[in-house]
Amino acid sequence: MNRWRRAVTGWSFAAPFTVLFLVFALLPVVASLLMSVTDLRATDLRNPFAVNFVGLDNYTRLFGDALFRKAAVNTLIFVVFGVPLTIVVALAAANALNSGLIRLRALFRVGFYLPVVTSIVAIAVVWRFLLDPEAGLVDNLLSLVGVDGPNWLGDTSTSLGSITVMATWRNFGSLMIIFLAALQAIPLELYEAATLDGAGRWQQFRRLTLPLMRPVLLFGAVITGIGYLQLFEEPLVMTQGGPLSSTLSVSYHIYNQFGFGNYGYAAAASYVLFVAIVALSVLQFRLLGARDDKA
């Protein structure tokens, strides 16, 4: 009897979260999975019985769609270059703050982290002004040294790179805070011992700092990779996926398909993106996860 009462009490406390999870998390996931194997469109909402089961046809159409392949390549390029760049910049900033090379460290910590909590709309407006080919600060500075700057967001060869740089600047602050905490947790005695053994700064960083920070680097790579695979806000606000779909991402393509009423097709694309996120996370765990070094 007491065991039954404890079970009822436990479930009564867990019931609010369980109900919310089932209704707002699990149910939409299951519904979208079922949607991905149907031909559901916006016109079918009034007559659900007109929806047909199509199996894997949506997935077949997806990989045969040149626009989706273009979006997938853009997203891949953004992740391949953006994730390492963000980690390197964040680690460099954290190391500089930790080593005392930068004075007024509290001010710089706030300044570096500020873009993370700033609205993407405000950031996009500032960056579009900076990269404007006519009145932008970047091209005007380049003109002072005799360089004719390109149309950063209007040229297919520079638009995706410009968004990558902007995303790196916007997101490295959060990783910097995490890396800085990890650096400050490393005992100073280890560096003193390494110095006595004749190790220089680069050797200490490569042989001591990086191995001890492996779990934190893994965490940073995973969360950054997951976020960058879902690239959406930057192209939506800054370029609308242009020019010529050069900044179209998979998430933005999914958003467009939902807007067009192609619900089944968009749901299939969402699950392809989910599989890509899982695959990238597994790859990062294999590359940066804990290793058993054998003598």
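For this structure, a couple of remarks:
- Here the extension length gained between residue 14 and residue 185 equals 57.9 nm, from 0.36 nm per residue of separation less the Cα-Cα distance.
- When each of the peptides 42-50, 278-286 is scored by the mean number of other C-beta atoms lying within 10 Å of its residues, the order from highest to lowest reads 278-286, 42-50.
- Membrane-span-like helices in the chain, defined purely by DSSP H runs whose alpha carbon atoms cover 24 Å or more axially and whose average Kyte-Doolittle hydropathy reaches 0.5, are 66-99, 159-184, 263-288.
- The stretch 35-81: Cα Rg divided by the 2.2 N^0.38 Å rule of thumb: 1.55
- Descending Cα extents along the principal axes, the stretch 228-295, whole Å: 58, 27, 16
- From helices alone, the chain scores -22000 deg cm²/dmol at 222 nm; the rule is -39500 (n - 2.57) for each run of n ≥ 4 DSSP H residues, then divide by the residue total.
- Computing Rg/Rh (Cα atoms, Kirkwood Rh) directly from the structure and comparing it against [x] 1.04; [y] 1.17; [z] 1.06 singles out [z].
- Normalised by 2.2 N^0.38 Å, where N is the number of residues, the alpha-carbon radius of gyration of the stretch 153-295 equals 1.40.
- Comparing 105, 69, 41 in a Gaussian network model of the chain, where Cα atoms under 10 Å apart are tied by springs, the biggest mean-square fluctuation is seen for 105.
- Over the chain, Cα pairs under 8 Å with separation of 6+ residues give a relative contact order of 28 percent.
- Summary of packing: across the peptides 14-27, 150-163, the per-residue average of other C-beta atoms within 10 Å ranks them, highest first, as 150-163, 14-27.
- Each principal axis of the stretch 7-87 carries a Cα extent, and these read 53, 48, 19 Å when sorted largest first.
- Length-normalised contact order for the stretch 41-185 - Cα pairs under 8 Å, 6+ apart - percent: 32 percent
- The stretch between residue 76 and residue 24 holds 15.7 nm of extra length on full extension. This uses 0.36 nm per residue minus the Cα-Cα distance.
- Among 113-125, 185-197, 243-255, the peptide with the highest mean count of other Cβ atoms within 10 Å heads the list, and the full ranking is 243-255, 113-125, 185-197.
A short reminder: the numbers here are calculations on the coordinates, not readings from a lab. Please read these numbers as outputs of a predicted model, since none were measured by experiment. In this analysis, Cβ positions are derived from the backbone assuming ideal geometry, glycine residues included, and neighbour counts consider all displayed protein chains.
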